[in-house]
Amino acid sequence: MQTFEFNQMLEKNAEFLKPFAITLTRDMEAAKDLFQETLYKALANREKYNMGTNIKAWLYTIMRNIFINNYRRRNKQNTIFDSSSTEFLLNHNQAVTTNTAISNINTREIQKAVHNLPEIFRTPFILYFEGYKYNEISGMLREPLGTIKSRIHFARKLLKTEIERF
């Protein structure tokens, strides 16, 4: 395929990428960047396009892969740029000093709320909180799976209303 033919085909089929880019990024400027980068990669890799292949699907795949790679890269970096006059990077994972007194009080209040649950809800909830799966809890307590799920759900609701009071 000639470069001219590929470019024409790309121009005809590029507009549908813009809404997809907006859907992925949920930001107009980021969507424009993603759109441009997709077209650049498509042009740079035109020799990898096989004639007869659905070009829209090919472009969608390029855009999706770029978005996923950028997302993973951002999460891996997890760095905040400080635009103050000193202009340096802050590592987001720095040690943070917390107020342990407040967190201890909150933990005690949560434990008290769990302890005040009716026994029928408390036991399955504690087992679930400790990491047991629904079917394991069902076997331990000799109750149907749906009953266990329901009791854990109601325990969560009760805890939520109790904790919101604090």
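The values are calculated or read from the model by the stated rules, or taken from the named source; none is laboratory data. Bear in mind that the values here come from a model prediction, so they are computed numbers and not experimental data. Glycine also receives a Cβ, built like all others from the backbone with ideal geometry; neighbour counts cover every protein chain displayed.
Remarks
- Remark: pairs (first residue in segment 113-128, on the phi > 0 side of the Ramachandran plot and surrounded by 18 or more Cβ atoms within 10 Å (Cβ to Cβ); second residue at pLDDT below 90 and assigned to a helix (DSSP H, G or I); Cβ separation under 9 Å; 6+ apart in sequence or on different chains) are absent.
This table checks each residue for (1) part of a helix (DSSP H, G or I); (2) surrounded by 12 or more Cβ atoms within 10 Å (Cβ to Cβ); (3) touching a strand residue (DSSP E or B) at 6+ places or on another chain (Cβ under 7 Å); (4) at pLDDT below 85.
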{"site": "ASN7", "(1), (2), (3), (4)": "yes, yes, no, no"}
{"site": "GLU15", "(1), (2), (3), (4)": "no, no, no, no"}
{"site": "PRO19", "(1), (2), (3), (4)": "yes, no, no, no"}
{"site": "ALA31", "(1), (2), (3), (4)": "yes, yes, no, no"}
{"site": "MET63", "(1), (2), (3), (4)": "yes, yes, no, no"}
{"site": "LYS76", "(1), (2), (3), (4)": "yes, no, no, yes"}
{"site": "SER85", "(1), (2), (3), (4)": "no, no, no, yes"}
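- Within segment 115-138, being under 29 Å from the mean Cα position of the chain (by Cα) and assigned to a helix (DSSP H, G or I) holds for PRO124, PHE125, ILE126, LEU127, TYR128, PHE129, TYR134, ASN135, GLU136, ILE137.
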